[in-house]
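Okay, structure first, notes after.
The values are calculated or read from the model by the stated rules, or taken from the named source; none is laboratory data. This one's a predicted model, so the numbers in the text were calculated from it and none came from an experiment. Using ideal geometry, Cβ is built from the backbone for each residue, glycine included, and neighbour counts are taken over all protein chains shown. Ligands, DNA and RNA are stripped out before the accessible areas are found, and what is left, the full protein with its side chains, is counted by its heavy atoms. Shrake-Rupley method; radii C 1.70, N 1.55, O 1.52, S 1.80 Å.
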Amino acid sequence: ADLIGHGAAEATLLQAWASGRPHHAWLISGPRGIGKATLAYRFARFLLSNPGPAGPVPPETLAVAANSALFNRIAAGGHSDLLTVERGVDAKGKVRSGIAVEDVRRITEFLHRTAFEGGWRVVIVDCADDLNRNGANALLKILEEPPRNAMLLLVCHSPGSLPPTVRSRCRRLTLQPLDTEATCAVIGAHRSDIGLEDAATLARISEGRPGYALALAEQGGLQLFRDLISLCDTLPDLDIPKAHAMAERFAGPNGAGAFEVFRALFRWWLARLVRVGGAEAPAHPGEPLDLVPGEAALVARLGSAANLDRWLELWEKTGRLFDRGDALNLDRRQVVLNTLLALRTAVRPPRAVAVR
(Lines give C-alpha, C1' and ligand atoms only; values in the text may rest on other atoms or scores of the structure.)
Protein backbone atom coordinates (compact mmCIF):
# COMPACT_ATOMS: atom_id res chain seq x y z
CA ALA A 1 0.00 0.00 0.00
CA ASP A 2 2.85 2.40 0.73
CA LEU A 3 5.40 3.85 -1.65
CA ILE A 4 8.45 5.37 0.00
CA GLY A 5 11.11 7.48 -1.69
CA HIS A 6 9.68 7.75 -5.21
CA GLY A 7 7.69 10.95 -4.90
CA ALA A 8 9.01 12.42 -8.16
CA ALA A 9 7.98 9.35 -10.17
CA GLU A 10 4.53 9.36 -8.55
CA ALA A 11 4.13 13.05 -9.35
CA THR A 12 5.02 12.37 -13.01
CA LEU A 13 2.30 9.72 -13.32
CA LEU A 14 -0.22 11.88 -11.52
CA GLN A 15 0.51 14.84 -13.76
CA ALA A 16 0.17 12.68 -16.87
CA TRP A 17 -3.22 11.41 -15.70
CA ALA A 18 -4.41 14.92 -14.82
CA SER A 19 -3.57 16.10 -18.34
CA GLY A 20 -6.37 13.91 -19.69
CA ARG A 21 -4.08 12.33 -22.29
CA PRO A 22 -1.56 10.11 -20.49
CA HIS A 23 0.77 7.99 -22.57
CA HIS A 24 -0.67 4.53 -23.21
CA ALA A 25 2.53 2.63 -22.22
CA TRP A 26 5.07 3.27 -19.48
CA LEU A 27 8.44 1.56 -19.09
CA ILE A 28 9.12 1.65 -15.35
CA SER A 29 12.80 0.85 -15.01
CA GLY A 30 15.47 0.76 -12.34
CA PRO A 31 17.49 -1.75 -10.29
CA ARG A 32 15.81 -4.94 -9.13
CA GLY A 33 14.07 -4.61 -5.77
CA ILE A 34 13.73 -0.84 -5.88
CA GLY A 35 9.91 -0.64 -5.86
CA LYS A 36 8.97 -0.68 -9.55
CA ALA A 37 6.16 -3.22 -9.20
CA THR A 38 4.90 -1.39 -6.12
CA LEU A 39 4.62 1.79 -8.19
CA ALA A 40 2.97 -0.06 -11.10
CA TYR A 41 0.26 -1.55 -8.88
CA ARG A 42 -0.19 1.78 -7.12
CA PHE A 43 -0.84 3.50 -10.46
CA ALA A 44 -3.12 0.66 -11.61
CA ARG A 45 -5.25 0.96 -8.46
CA PHE A 46 -5.45 4.71 -8.95
CA LEU A 47 -6.56 4.42 -12.59
CA LEU A 48 -9.20 1.82 -11.80
CA SER A 49 -10.59 3.94 -8.96
CA ASN A 50 -10.52 7.16 -11.03
CA PRO A 51 -12.07 6.27 -14.40
CA GLY A 52 -12.96 9.83 -15.33
CA PRO A 53 -10.99 13.06 -15.80
CA ALA A 54 -9.61 15.10 -12.94
CA GLY A 55 -12.14 17.15 -11.02
CA PRO A 56 -11.78 20.75 -9.83
CA VAL A 57 -9.52 19.50 -7.00
CA PRO A 58 -7.33 16.75 -8.47
CA PRO A 59 -5.83 14.10 -6.16
CA GLU A 60 -2.43 14.87 -4.71
CA THR A 61 -1.20 11.26 -4.58
CA LEU A 62 -1.87 7.93 -6.27
CA ALA A 63 -2.80 6.36 -2.94
CA VAL A 64 -5.91 4.19 -2.65
CA ALA A 65 -7.05 3.21 0.84
CA ALA A 66 -5.72 -0.23 1.76
CA ASN A 67 -9.03 -1.16 3.36
CA SER A 68 -11.09 -0.30 0.27
CA ALA A 69 -12.97 -2.95 -1.71
CA LEU A 70 -11.02 -2.12 -4.87
CA PHE A 71 -7.66 -2.51 -3.14
CA ASN A 72 -8.65 -5.91 -1.78
CA ARG A 73 -10.05 -7.10 -5.11
CA ILE A 74 -6.81 -6.24 -6.88
CA ALA A 75 -4.73 -7.85 -4.12
CA ALA A 76 -6.79 -11.01 -4.55
CA GLY A 77 -6.42 -10.92 -8.35
CA GLY A 78 -10.16 -10.45 -8.78
CA HIS A 79 -10.48 -7.19 -10.72
CA SER A 80 -11.82 -7.77 -14.22
CA ASP A 81 -10.10 -4.71 -15.72
CA LEU A 82 -6.58 -5.52 -14.53
CA LEU A 83 -4.38 -8.13 -16.20
CA THR A 84 -0.97 -9.13 -14.88
CA VAL A 85 1.38 -10.93 -17.27
CA GLU A 86 4.23 -12.93 -15.76
CA ARG A 87 6.16 -16.04 -16.67
CA GLY A 88 3.69 -18.87 -17.14
CA VAL A 89 4.08 -22.56 -16.39
CA ASP A 90 4.76 -25.35 -18.88
CA ALA A 91 2.94 -28.67 -19.29
CA LYS A 92 4.97 -30.13 -16.39
CA GLY A 93 3.93 -27.36 -14.03
CA LYS A 94 7.36 -25.68 -14.01
CA VAL A 95 7.76 -21.93 -14.38
CA ARG A 96 9.01 -21.06 -17.84
CA SER A 97 12.34 -19.30 -18.30
CA GLY A 98 10.61 -16.37 -20.02
CA ILE A 99 7.30 -14.78 -20.96
CA ALA A 100 6.17 -16.62 -24.09
CA VAL A 101 4.06 -15.39 -26.98
CA GLU A 102 0.98 -17.21 -25.68
CA ASP A 103 1.27 -15.23 -22.44
CA VAL A 104 1.33 -11.97 -24.41
CA ARG A 105 -1.65 -13.00 -26.52
CA ARG A 106 -3.73 -12.81 -23.37
CA ILE A 107 -3.16 -9.05 -23.51
CA THR A 108 -4.72 -8.82 -26.98
CA GLU A 109 -7.77 -10.78 -25.89
CA PHE A 110 -8.05 -8.69 -22.72
CA LEU A 111 -7.85 -5.33 -24.52
CA HIS A 112 -10.36 -6.34 -27.18
CA ARG A 113 -13.00 -6.62 -24.49
CA THR A 114 -14.97 -3.67 -23.23
CA ALA A 115 -14.00 -2.54 -19.76
CA PHE A 116 -16.32 -4.29 -17.31
CA GLU A 117 -16.55 -1.24 -15.07
CA GLY A 118 -16.58 1.36 -17.83
CA GLY A 119 -13.17 2.90 -17.14
CA TRP A 120 -9.58 1.92 -17.76
CA ARG A 121 -8.18 -1.44 -18.71
CA VAL A 122 -4.72 -1.87 -17.20
CA VAL A 123 -2.02 -4.39 -18.05
CA ILE A 124 1.07 -4.92 -15.88
CA VAL A 125 3.96 -6.89 -17.40
CA ASP A 126 6.19 -8.03 -14.56
CA CYS A 127 8.83 -8.12 -15.69
CA ALA A 128 9.43 -7.14 -19.30
CA ASP A 129 12.99 -8.50 -19.10
CA ASP A 130 11.46 -12.00 -19.18
CA LEU A 131 9.92 -11.52 -22.63
CA ASN A 132 11.36 -13.89 -25.21
CA ARG A 133 11.81 -12.68 -28.79
CA ASN A 134 8.39 -13.83 -30.01
CA GLY A 135 6.75 -12.44 -26.89
CA ALA A 136 8.43 -9.05 -27.43
CA ASN A 137 7.28 -8.97 -31.06
CA ALA A 138 3.71 -9.75 -30.03
CA LEU A 139 3.85 -6.97 -27.44
CA LEU A 140 5.15 -4.55 -30.08
CA LYS A 141 2.01 -5.04 -32.18
CA ILE A 142 -0.12 -4.14 -29.17
CA LEU A 143 1.96 -1.03 -28.46
CA GLU A 144 1.65 0.10 -32.08
CA GLU A 145 -2.16 0.09 -32.04
CA PRO A 146 -3.31 0.64 -28.46
CA PRO A 147 -7.06 0.74 -27.87
CA ARG A 148 -8.71 3.67 -26.13
CA ASN A 149 -8.55 3.82 -22.32
CA ALA A 150 -5.88 1.12 -22.16
CA MET A 151 -2.75 1.45 -20.05
CA LEU A 152 0.28 -0.85 -20.25
CA LEU A 153 2.81 -0.73 -17.42
CA LEU A 154 6.07 -2.55 -18.16
CA VAL A 155 8.23 -3.27 -15.12
CA CYS A 156 11.81 -3.61 -16.35
CA HIS A 157 15.16 -4.15 -14.60
CA SER A 158 17.35 -3.81 -17.72
CA PRO A 159 15.73 -1.73 -20.48
CA GLY A 160 18.65 -2.48 -22.79
CA SER A 161 17.46 -6.08 -23.00
CA LEU A 162 14.27 -4.98 -24.77
CA PRO A 163 14.10 -4.35 -28.52
CA PRO A 164 14.52 -0.65 -29.37
CA THR A 165 11.14 -0.72 -31.12
CA VAL A 166 9.43 -1.66 -27.84
CA ARG A 167 11.33 0.95 -25.83
CA SER A 168 10.57 3.69 -28.34
CA ARG A 169 6.81 3.18 -27.96
CA CYS A 170 6.85 3.58 -24.20
CA ARG A 171 7.34 6.60 -22.01
CA ARG A 172 10.34 5.94 -19.80
CA LEU A 173 10.10 6.36 -16.05
CA THR A 174 13.36 5.55 -14.29
CA LEU A 175 13.41 4.98 -10.54
CA GLN A 176 16.55 5.77 -8.56
CA PRO A 177 17.93 3.85 -5.55
CA LEU A 178 16.66 5.08 -2.21
CA ASP A 179 18.86 6.72 0.36
CA THR A 180 19.68 4.89 3.57
CA GLU A 181 16.94 6.62 5.57
CA ALA A 182 14.19 5.76 3.07
CA THR A 183 15.42 2.18 2.69
CA CYS A 184 15.40 1.78 6.48
CA ALA A 185 11.85 3.12 6.53
CA VAL A 186 10.73 0.41 4.10
CA ILE A 187 12.56 -2.27 6.08
CA GLY A 188 10.99 -1.04 9.31
CA ALA A 189 7.50 -1.05 7.77
CA HIS A 190 7.81 -4.73 6.87
CA ARG A 191 10.20 -6.06 9.52
CA SER A 192 9.73 -4.32 12.85
CA ASP A 193 11.97 -6.97 14.45
CA ILE A 194 15.08 -5.61 12.70
CA GLY A 195 16.97 -3.01 14.73
CA LEU A 196 18.04 0.35 13.34
CA GLU A 197 21.72 -0.59 13.08
CA ASP A 198 21.00 -3.82 11.21
CA ALA A 199 18.49 -2.05 8.98
CA ALA A 200 21.10 0.57 8.09
CA THR A 201 23.61 -2.16 7.25
CA LEU A 202 21.06 -3.94 5.06
CA ALA A 203 20.29 -0.63 3.36
CA ARG A 204 23.94 -0.09 2.50
CA ILE A 205 24.52 -3.67 1.35
CA SER A 206 21.41 -3.51 -0.84
CA GLU A 207 22.54 -0.13 -2.21
CA GLY A 208 19.14 1.45 -1.79
CA ARG A 209 17.05 -1.49 -3.03
CA PRO A 210 14.56 -2.19 -0.23
CA GLY A 211 13.10 -5.27 -1.92
CA TYR A 212 16.55 -6.82 -2.03
CA ALA A 213 17.23 -5.73 1.55
CA LEU A 214 14.07 -7.52 2.71
CA ALA A 215 15.03 -10.62 0.72
CA LEU A 216 18.43 -10.60 2.42
CA ALA A 217 16.77 -10.34 5.80
CA GLU A 218 14.39 -13.19 5.00
CA GLN A 219 17.27 -15.53 4.12
CA GLY A 220 19.53 -14.48 6.99
CA GLY A 221 21.73 -12.52 4.61
CA LEU A 222 23.13 -10.14 7.21
CA GLN A 223 24.48 -12.94 9.39
CA LEU A 224 25.74 -14.73 6.30
CA PHE A 225 27.60 -11.58 5.29
CA ARG A 226 29.13 -11.25 8.75
CA ASP A 227 30.25 -14.89 8.62
CA LEU A 228 31.70 -14.39 5.13
CA ILE A 229 33.73 -11.40 6.35
CA SER A 230 34.91 -13.40 9.38
CA LEU A 231 35.98 -16.27 7.12
CA CYS A 232 37.73 -14.01 4.64
CA ASP A 233 39.61 -12.40 7.52
CA THR A 234 41.61 -15.67 7.77
CA LEU A 235 43.00 -15.11 4.27
CA PRO A 236 45.44 -15.69 2.70
CA ASP A 237 45.62 -18.96 4.64
CA LEU A 238 41.82 -19.54 4.75
CA ASP A 239 40.35 -21.54 7.63
CA ILE A 240 39.40 -24.71 5.73
CA PRO A 241 37.22 -26.29 8.47
CA LYS A 242 35.39 -22.95 8.75
CA ALA A 243 34.96 -22.85 4.98
CA HIS A 244 33.48 -26.38 4.99
CA ALA A 245 31.10 -25.38 7.77
CA MET A 246 29.87 -22.44 5.73
CA ALA A 247 29.44 -24.58 2.61
CA GLU A 248 27.29 -27.04 4.57
CA ARG A 249 24.65 -24.33 4.97
CA PHE A 250 23.79 -24.64 1.31
CA ALA A 251 23.31 -28.41 1.16
CA GLY A 252 19.98 -30.01 0.33
CA PRO A 253 16.74 -28.45 -0.90
CA ASN A 254 16.50 -26.10 2.07
CA GLY A 255 19.83 -24.50 1.19
CA ALA A 256 18.87 -23.23 -2.26
CA GLY A 257 17.62 -19.84 -1.08
CA ALA A 258 20.65 -19.22 1.14
CA PHE A 259 22.94 -20.21 -1.74
CA GLU A 260 21.38 -17.55 -4.00
CA VAL A 261 21.96 -15.00 -1.27
CA PHE A 262 25.59 -16.13 -0.87
CA ARG A 263 26.18 -15.85 -4.62
CA ALA A 264 24.74 -12.34 -4.77
CA LEU A 265 26.61 -11.20 -1.66
CA PHE A 266 29.91 -12.68 -2.73
CA ARG A 267 29.82 -11.12 -6.22
CA TRP A 268 28.71 -7.79 -4.80
CA TRP A 269 31.40 -7.76 -2.13
CA LEU A 270 34.05 -8.75 -4.64
CA ALA A 271 33.05 -5.76 -6.76
CA ARG A 272 33.19 -3.54 -3.67
CA LEU A 273 36.61 -4.92 -2.82
CA VAL A 274 37.87 -4.05 -6.29
CA ARG A 275 36.27 -0.60 -6.14
CA VAL A 276 37.44 0.54 -2.72
CA GLY A 277 40.24 -1.84 -1.79
CA GLY A 278 43.15 0.11 -0.43
CA ALA A 279 41.32 3.44 -0.81
CA GLU A 280 41.50 6.01 1.95
CA ALA A 281 38.00 7.42 1.25
CA PRO A 282 34.57 5.76 1.24
CA ALA A 283 33.25 4.37 -2.05
CA HIS A 284 30.40 6.87 -1.95
CA PRO A 285 30.20 10.19 -0.08
CA GLY A 286 28.90 9.61 3.41
CA GLU A 287 29.19 5.83 3.24
CA PRO A 288 30.92 4.34 6.31
CA LEU A 289 33.95 2.29 5.47
CA ASP A 290 32.84 -0.49 7.79
CA LEU A 291 29.70 -2.34 6.68
CA VAL A 292 30.22 -4.74 9.58
CA PRO A 293 32.97 -4.54 12.22
CA GLY A 294 36.38 -5.22 10.70
CA GLU A 295 35.18 -5.19 7.09
CA ALA A 296 36.94 -1.94 6.14
CA ALA A 297 40.35 -3.16 7.33
CA LEU A 298 39.81 -6.44 5.48
CA VAL A 299 38.89 -4.66 2.25
CA ALA A 300 41.99 -2.49 2.51
CA ARG A 301 44.24 -5.48 3.23
CA LEU A 302 42.90 -7.70 0.48
CA GLY A 303 42.61 -4.85 -1.98
CA SER A 304 46.34 -4.23 -1.74
CA ALA A 305 47.19 -7.95 -1.90
CA ALA A 306 46.49 -8.29 -5.63
CA ASN A 307 46.50 -6.06 -8.67
CA LEU A 308 43.47 -5.20 -10.76
CA ASP A 309 44.17 -7.87 -13.38
CA ARG A 310 44.03 -10.62 -10.75
CA TRP A 311 40.78 -9.27 -9.33
CA LEU A 312 39.21 -9.13 -12.77
CA GLU A 313 40.37 -12.68 -13.41
CA LEU A 314 38.79 -13.76 -10.11
CA TRP A 315 35.54 -11.96 -11.02
CA GLU A 316 35.32 -13.85 -14.29
CA LYS A 317 36.34 -17.17 -12.75
CA THR A 318 33.79 -17.04 -9.94
CA GLY A 319 31.11 -16.02 -12.41
CA ARG A 320 31.88 -19.11 -14.49
CA LEU A 321 31.86 -21.29 -11.36
CA PHE A 322 28.37 -20.14 -10.39
CA ASP A 323 27.05 -20.42 -13.95
CA ARG A 324 28.50 -23.91 -14.36
CA GLY A 325 26.97 -24.94 -11.05
CA ASP A 326 23.53 -23.88 -12.30
CA ALA A 327 23.91 -25.45 -15.75
CA LEU A 328 25.17 -28.81 -14.47
CA ASN A 329 23.26 -28.86 -11.17
CA LEU A 330 26.51 -29.29 -9.25
CA ASP A 331 26.76 -29.73 -5.51
CA ARG A 332 26.33 -26.22 -4.08
CA ARG A 333 28.79 -26.98 -1.28
CA GLN A 334 31.56 -27.71 -3.76
CA VAL A 335 30.76 -24.58 -5.77
CA VAL A 336 31.11 -22.46 -2.62
CA LEU A 337 34.37 -24.16 -1.61
CA ASN A 338 35.84 -23.69 -5.09
CA THR A 339 34.82 -20.03 -4.98
CA LEU A 340 36.55 -19.49 -1.63
CA LEU A 341 39.67 -21.35 -2.79
CA ALA A 342 39.78 -19.16 -5.90
CA LEU A 343 39.69 -16.11 -3.62
CA ARG A 344 42.55 -17.56 -1.56
CA THR A 345 44.62 -18.08 -4.71
CA ALA A 346 44.01 -14.49 -5.81
CA VAL A 347 45.30 -12.94 -2.58
CA ARG A 348 48.26 -15.23 -2.07
CA PRO A 349 51.55 -13.77 -3.27
CA PRO A 350 52.80 -15.53 -6.39
CA ARG A 351 55.53 -18.06 -5.80
CA ALA A 352 58.99 -17.13 -6.88
CA VAL A 353 60.29 -19.26 -9.77
CA ALA A 354 63.94 -20.19 -9.52
CA VAL A 355 65.90 -19.51 -12.71
CA ARG A 356 68.83 -21.80 -13.40
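Under 18 Å from a label point set 7 Å out along the Cα-to-Cβ vector of N329, the amide N atoms of region 95-112 belong to 95-97. Quick check on region 22-79: take the gyration tensor over C-alpha atoms, sort the square-rooted eigenvalues as a ≥ b ≥ c, and tell me if it's rounded (a/c under 1.5), prolate or oblate. It comes out oblate by the Cα gyration axes.
Note on the chain: antiparallel DSSP beta bridges, both residues inside, total approximately 5 percent of the bridges counted. Dividing the summed helix terms, -39500 (n - 2.57) for each DSSP H run of n ≥ 4, by the number of residues in the chain produces a 222 nm estimate of -15500 deg cm²/dmol to the nearest 500. At the residue level, W311 shows approximately 10 square angstrom of accessible surface with a 1.4 angstrom probe and all protein chains present. With a/c under 1.5 counting as rounded, go ahead and sort region 67-120 into rounded, prolate or oblate using the C-alpha gyration tensor (a ≥ b ≥ c being the square roots of the eigenvalues; past the cut-off, prolate if a/b is larger than b/c, else oblate). Oblate. Can you return the aspartates and glutamates within cross-link range of K317? Criterion is Cα-Cα under 15 Å, with same-chain partners fewer than 8 residues away left out. Once the sequence-local aspartates and glutamates are set aside, what remains near K317 is D309, D326. Does region 114-175 come out rounded, prolate or oblate by the C-alpha gyration tensor, with a ≥ b ≥ c the root eigenvalues, rounded set by a/c under 1.5 and, if not, prolate when a/b is larger than b/c and oblate if not? Note, shape of region 114-175 comes out prolate.
Per-residue extension of 0.36 nm, minus the Cα-Cα distance of R191 and D179, leaves a gain of 2.5 nm for this segment. For region 32-118, the set of chymotrypsin sites (Phe, Trp or Tyr not before Pro) satisfying both a DSSP loop assignment and a count of at most 10 other C-beta atoms within 10 Å is given as F116. The smallest convex shape that holds all Cα atoms of region 157-247, its convex hull, gives 151 Å³ per residue. In this view, the solvent-accessible surface of R32, computed with a 1.4 Å probe and all protein chains in place, comes to about 150 Å². Only Cα pairs under 8 Å and 6+ residues apart enter the sum, and on that basis the relative contact order of the chain stands at 16 percent. Taking a straight line from the alpha carbon of K94, these lysines sit under 29 Å away, with near neighbours fewer than eight places off in the same chain left out: K36, K141.
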